[in-house]
Amino acid sequence: MPPERLRKAVVHVAGLIQGIGFRPFIYRLAVRRGLKGSVCNLGDAGVRIELYGPEEVIKDFLKALVAEKPPIAQYTRVDVDWQELPNPGQVPPDFQIVPSDVRGRAREFSIIPPDIAVCEKCLAEIYDPRDRHYMYPFTCCAACGPRFTIMTDLPYDRERTTMDEFPMCEHCAREFNDPLDRRFNAQTICCPICGPRMALYTPGGEPVDCEDPLAEAARLLREGFIVAVKGIGGFHLAVRADWDDAVARLRERRRKPGKPFAIMSLRAEDVERYAHLSEAERELLESPARPIVVLRKREPFPLSELVAPGLHTVGVMLPYSGIHHLLLYHARVLALVMTSANMPGEPMITDNERAFRELGHVADYLLVHNRRIWARCDDSVMRVVDGRPAFLRRSRGYVPMPVELPFEASGGAVVAVGPELMVTGAILRGRRCYLTQHIGDVEGPEAVDFLDSALSHLAHLLRLRDVRAVACDLHPAFLTRQVAQAWAERFGAELVEVQHHHAHVAALMAEAGVPPGEQIVGVACDGVGYGPDGMAWGGEILLASYRRFERLGHLEPQPMPGGDACAIWYGRMLQAILYGRVPEEELRAFLVRERLKGFKHGEAEVDVVFEQLKRGLNVAWTTSTGRLLDAVACLLGLAYRRTYEGEGAMKLEAAAARGKPGAVEIEAKVARRGRAWVLQTGDMVKQAYEALLEGRRPEDIACAFQLALARGLAEIAIRVAEQAGVSTVGFTGGVAYNDAITRELRERVKAAGLRFLRHTLVPNGDGGISLGQAVVAAIKVIMGGG
């Protein structure tokens, strides 16, 4: 038989492939089949493979490339160029992993790898006394460990990460170069001889004399001390979660009187001792991204109630680095509080010097290491809402993986800066939108700088050159607008203002794959968003495409005496809604007798608010769902003032979860006002007030109010959809985290024969706004339609 004809194939692979052990995988596939050639990383996060061999063997390789791909790998495009080989001398002698081609490009930009939790094989070595990685917290391999947080540039190679400062020892170098070793070509490989090291200090910077800093820090935690812990994406503040005194001390020093703390346990079995855990929640908890997962507490709750006071849920995560595993292993406690180490309004702390400077008055000890964190990255937070996972915060473990769009915006990129609270930035290019890590509340210069630097780092990794549009919120006073204006000026790009709730709905449309030109009915419910009429919106039913929207329904406008003071002191909002619906003397007596904690200045403030309402002095108006839920939380004695964003609504939901559906009935009335349908929320609050006076349980009233709100929103959305001839209704905004409201709304929408959309890829709340801003700007400026 004549010898098989040799051919050459050049394969370009795009997707999530760098930083996950992909080159060793390709090496083994090729060598196993006797193929010659090479594989290398490209500067766009892709991979190029050159193969020499018989055509049938190369085709078998290509099948295995798909069938046997690493579990974490994602392919978005595979291109194969076949070439003839007239000269057998062109065939290389073997197959090699060759140095990265920094300027090399595939047919499309690939996905930049996120941080990946330490794998089971590395953990086994950490706990194996016979292994040289025994008790070493930075143990990792080609398939796990930090990626985005240590990456300075692409392609993903050691010299372009902060591990470049730690030359490999001979043992690590041997493993790195051994094709049969699990750490073959693992860029973050290290061991106790050559890798980063932990150290324990007092707040004054004095080293603590101990043999094992991690074990000593764990002992201190077990004794109730507060320890600042440097991890993968920044510092946490840790304390044992089962001692009231220890948690109370952290709250006082951290200046967070009520905001729920996240906690960390070593195993899912430990979590089940204090929280209910469904299969979907366990899957999230144990996933390679290792997010915080919001779980329902068990009763009685065996940890301190100060961890998540007044709530029926608690945020839980499992360890995702060797540091956290060993800390919990040595601590021998059920759970540790593990909360971000930043003061209110400031970004998470990442470097050692700043930690000593700013955490000395909070932490009793500081556990640090000497590997630099290049990209600050807070923990992701997820919750299963109505049976589906939803992001509360999309950050470590998911960033900077893109959202695939239902259209391609060719001819330039779009940058979006988000709103003011829970901010992420975004860069849209082609058919993908890349969101930054969680930035937080942009209310000061440090947060402005963090947003700008996060966008700049992402732009650098994406090789961004041409920006056509920069999108920002419609609100004229948001500090994020400063960042938008600076980027627009730098690139000569058009500045595009996007209304807050339109951005919410557009983000939902984009992740759900709604094509340009189509419309949906978007129910957008949250705390506040600046409306084109200057009013504070927050309970909106919009008929929307990407390009435009029409407001065809909303909650009844309610007065806000003192403006934003109503968002902090819930008694003011309650008084304003019931004013004119309950006799003044009766209302005053109730507020003074029962709800005075909802007013900063007590009884005198109640009288001042009455005067403001009578005269219309310093009274704004709002359709905010958040302010409505705050008022009801105050009415029922659940919350009186805001100490963290969404507190009233969260405590109302916690009470409603203990309520009995149907025990109290609240009617949701809808009326037509011009072109818009209006849900008469004032009447609903009055019904709740009357039920309370009748002696009904606050939990049952809370349950009834939530369901009535959902029924009213569903009724308006269905009417608008039927009138507009639209078949899809979506639910977005922070209120969409409420399990009962989401379920009731979904069931009613689907019963009407309509499709129901909710978020699964970006946060329901303001963390998803940047995606919506980016797609609206792209449609308007680049595509000119939609």
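The values are calculated or read from the model by the stated rules, or taken from the named source; none is laboratory data. Worth saying up front: this structure is predicted, and the values here are computed from it rather than measured. Glycine also receives a Cβ, built like all others from the backbone with ideal geometry; neighbour counts cover every protein chain displayed. We work out accessible area using only protein heavy atoms, side chains counted, and drop any ligands, DNA or RNA first. Shrake-Rupley method; radii C 1.70, N 1.55, O 1.52, S 1.80 Å.
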Original post:
Quick one: Debye curve from the C-alpha atoms of region 583-652, no solvent, what's log10 I(q)/I(0) at q = 0.14, 0.18, 0.24, 0.29 Å⁻¹?
Top reply: -0.47, -0.78, -1.22, -1.28
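Mind scanning Lys259/Lys686; Lys8/Lys63; Lys63/Lys121; Lys597/Lys651 and naming the pairs with a C-alpha gap bigger than 18 Å?
Distance filter (> 18 Å) returns Lys259/Lys686; Lys63/Lys121.
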Subject >> Along each principal axis, Cα extent of region 296-411, largest first, Å >> reply: 54, 42, 29
Original post:
From the Cα gyration tensor of region 126-165, with a ≥ b ≥ c the square roots of its eigenvalues, which class applies: rounded if a/c is under 1.5, or else prolate if a/b is larger than b/c, or else oblate?
Top reply: prolate
**OP:** Give, to the nearest whole percent, the P(r) tail of region 398-536 beyond 18 angstrom, counting all Cα pairs.
**Re:** 55 percent
**OP:** Would you work out if region 463-562 is rounded, prolate or oblate? Take a ≥ b ≥ c from the square roots of the eigenvalues of the alpha-carbon gyration tensor; rounded if a/c is under 1.5, else prolate when a/b is larger than b/c, oblate otherwise.
**Re:** oblate
Original post:
What angle do you read, to the nearest 10 degrees and between 0 and 90, between the alpha-carbon axis of helix 22-32 and the longest principal axis of the chain?
Top reply: 40 degrees
**OP:** Please pull out the direction-averaged projected area of region 6-139, using the convex hull of its alpha-carbon atoms, in nm² to one decimal place.
**Re:** 9.5 nm²
Original post:
How much accessible surface area, in Å² rounded to 10, belongs to the heavy atoms of Ile17 with a 1.4 Å probe?
Top reply: 0 Å²
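Quick check on packing: order 331-339, 639-647, 192-200, 126-134 by the mean number of other C-beta atoms within 10 Å, highest mean leading.
Top to bottom by mean Cβ count within 10 Å: 331-339, 639-647, 192-200, 126-134.
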Original post:
Hey, what's the per residue convex hull volume over the C-alpha atoms of region 198-247, in cubic angstrom?
Top reply: 87 Å³
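With a cut-off of 8 Å between alpha carbons and a minimum separation of six or more residues, what is the relative contact order of region 330-432 in percent?
Across region 330-432, relative contact order equals 15 percent.
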Subject >> Relative contact order, percent, the chain [alpha-carbon distance under 8 Å, six or more residues apart] >> reply: 11 percent
Original post:
Which of the listed residues, Gly322, Phe391, Leu359, is farthest toward the dipole's positive end in region 258-407, when Lys, Arg count +1 and Asp, Glu count -1 at the beta-carbon?
Top reply: Leu359
Subject >> Translational D in µm²/s for region 54-206 (Stokes-Einstein at 20 °C, 1.002 mPa s, Kirkwood Rh from C-alpha pairs) >> reply: 116 µm²/s
Original post:
Taking a temperature of 25 °C and a viscosity of 0.890 mPa s, what whole-number D in µm²/s does Stokes-Einstein yield for region 537-595 with Rh from Kirkwood over alpha carbon pairs?
Top reply: 179 µm²/s
**OP:** Provide Rg over Rh for region 375-475; use the alpha carbon set for both Rg and the Kirkwood Rh (inverse mean inverse pair distance).
**Re:** 0.97
**OP:** Give, as a single signed number, the net charge of other residues whose beta carbon lies under 15 Å from the beta carbon of Ser545, with Lys and Arg counted +1 and Asp and Glu -1.
**Re:** +2
Original post:
region 228-369: D in µm²/s via Stokes-Einstein (Kirkwood Rh, Cα pairs, 37 °C, 0.692 mPa s)?
Top reply: 215 µm²/s
Subject >> Cα long-axis angle, helix 445-461 against the chain (0 to 90 degrees, to the nearest 10) >> reply: 40 degrees
Original post:
Under a point-charge model restricted to the Cβ atoms of Lys and Arg (+1) and Asp and Glu (-1), what is the dipole moment magnitude of the chain relative to its Cα centre, in debye to the nearest 20?
Top reply: 1080 debye
**OP:** Quick one: angle between helix 213-222 and the longest Cα principal axis of the chain, in degrees between 0 and 90, rounded to 10, please.
**Re:** 20 degrees
Subject >> Relative packing of 750-763, 730-743, 149-162, 55-68, which averages over residues the other C-beta atoms within 10 Å, highest first >> reply: 730-743, 149-162, 750-763, 55-68
**OP:** Find the centroid of the Cα atoms in region 586-645 and in region 495-532, then give the distance between the two in whole Å.
**Re:** 31 Å
Original post:
Where both partners of a DSSP beta bridge lie in the chain, what percent of those bridges are antiparallel, to the nearest 5?
Top reply: 70 percent
**OP:** Show me 459-465, 38-44, 695-701 ranked by packing, highest mean number of other Cβ atoms within 10 Å first.
**Re:** 38-44, 695-701, 459-465
Subject >> Along principal axes, Cα extents of the chain, largest first, whole Å >> reply: 99, 65, 48
